[in-house]
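Let me begin by presenting the structure, written as structure tokens, before commenting on it.
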Amino acid sequence: MRLEKSFEVDRPPDFTARIAARDETLVSLFADAKTEIVEHDGDRRTTQTHYNALGREGVATFHFHSLPDGRISFEKVCDGNVWQELSGIVSFAKRGNGTQVTLKMVGRTKTLVPEFAIRGPMRDQIEQMASSLRVCIEDAETD
């Protein structure tokens, strides 16, 4: 499964990338649940999100990597019942006086989980992540 969401902000790419890489921005990507950064290791931050889905509580762990070119890659620790693998990238491209921000996610569900069953919730997730990211960038004070 592949999902992609793009939006534009009236901020330069380097500023946009710096704001996106902040701890508070990464935590805000999962706004509907309690998320915290549990580890810093060089350019990698690990988050844990406590959620409730289908009446079951769980914890989702993600590793976020700040790449030298400003992009942010991420992958989910797939230790549950749905995902075999799930990863993504946030990239920033100059567009006029602003920046186009693109979120891409790629994943494979486990054998007994039909992709069509998870596509809707994943579309909602990438929309929510993009919305939170946009607010963080637009509300940030310029240097």
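Each 10 Å bin, from zero up to the one with the longest distance, holds this percent of the alpha carbon pairs of the stretch 1-64: 18, 41, 34, 7, 0.
The residues of the chain have, on average, 57 Å² of accessible surface per residue, using a 1.4 Å probe with all protein chains present.
Residue separation of ASP41 and SER131 scaled by 0.36 nm, minus their Cα-Cα distance, works out to 29.7 nm of gained length.
For the chain, carbon and sulfur atoms together expose 48% of the accessible surface, with a 1.4 angstrom probe and every protein chain in place. Helix 115-139 versus the longest principal axis of the chain: what angle, 0 to 90°, nearest 10, using Cα atoms? The two axes meet at around 30 degrees.
Normalising the average separation of contacting C-alpha pairs (under 8 angstrom, six or more residues apart) by the number of residues puts the relative contact order of the chain at 32 percent.
Calculated translational diffusion coefficient of the chain (10 °C, 1.306 mPa s; Stokes-Einstein with Kirkwood radius over alpha-carbon pairs) equals 101 µm²/s.
The values are calculated or read from the model by the stated rules, or taken from the named source; none is laboratory data. All of these numbers come straight from a predicted model, not from anything done at the bench. Remember, those area values only see protein heavy atoms, side chains included, never the ligands or the DNA or RNA. Shrake-Rupley method; radii C 1.70, N 1.55, O 1.52, S 1.80 Å.
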